[in-house]
Amino acid sequence: MDPPNYWAMVAHTIAIGGHVRIGMEDCPFVQPGVYAKTNAELVERAVRIARDVGRDIASPDEARKITGLTQ
């Protein structure tokens with residue numbers, strides 16, 4: 001997916017209360033034409049989007065509970 005549409009979809013999903021999964025295999029661009037150096041850079045962008053719309057960020061333990069994964 002091209003970066004503008006990908007990040008718009010991520011922002012929309014977050015804004016309506018959904019959860020997102022971010023990774024270079026989905027869209028390796030931080031912005032059009034700029035590759036992320038790491039997955040962490042992509043996650044940081046998603047976290048900024050979430051905080052900008054007033055959403056809390058799940059801790060790793062909270063995310064495991066939300067997704068039903070165990071440690």
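The values are calculated or read from the model by the stated rules, or taken from the named source; none is laboratory data. Here the structure is a predicted model, which means the values were calculated and not measured. When we count neighbours, we look across all protein chains shown, and the Cβ atoms used for this are built from the backbone with ideal geometry, even at glycine. These accessible areas exclude ligands, DNA and RNA; they are computed on the full protein's heavy atoms, side chains included. Shrake-Rupley method; radii C 1.70, N 1.55, O 1.52, S 1.80 Å.
Mean residue ellipticity, 222 nm, helices only, the chain: the sum of -39500 (n - 2.57) across DSSP H runs of n ≥ 4, divided by residue count and rounded to 500, is -15000 deg cm²/dmol. Ordering Thr13, Thr70, Ala40 by the projection of their Cα atoms onto the charge dipole of the chain, which places +1 on the Cβ of Lys and Arg and -1 on the Cβ of Asp and Glu, puts Thr70 at the extreme positive end.
Surface calculation, 1.4 Å probe, protein heavy atoms: Asp56 sits at approximately 140 Å² accessible. Counting only protein chain heavy atoms and rolling a 1.4 Å probe, the accessible areas of Val20, Val47 rank, largest first, as Val20, Val47. If the chain linking Asn5 and Val47 were pulled fully straight, counting 0.36 nm for each residue of separation and taking away their Cα-Cα distance, it would gain 13.4 nm.
Put simply, the amide H of Ala36, placed in the peptide plane, has neighbours under 5 Å in Phe29, Val30, leaving out anything fewer than 5 places away on its chain. What is the angle, in °, between the Cα long axis of helix 3-15 and the longest principal axis of the Cα atoms in the chain? Nearest 10 is fine, range 0 to 90. Helix 3-15 sits roughly 30 degrees off the main axis of the chain.
Measuring nothing but how far apart in sequence close Cα pairs (under 8 Å, 6+ apart) lie, relative to its length, the chain scores a relative contact order of 28 percent.
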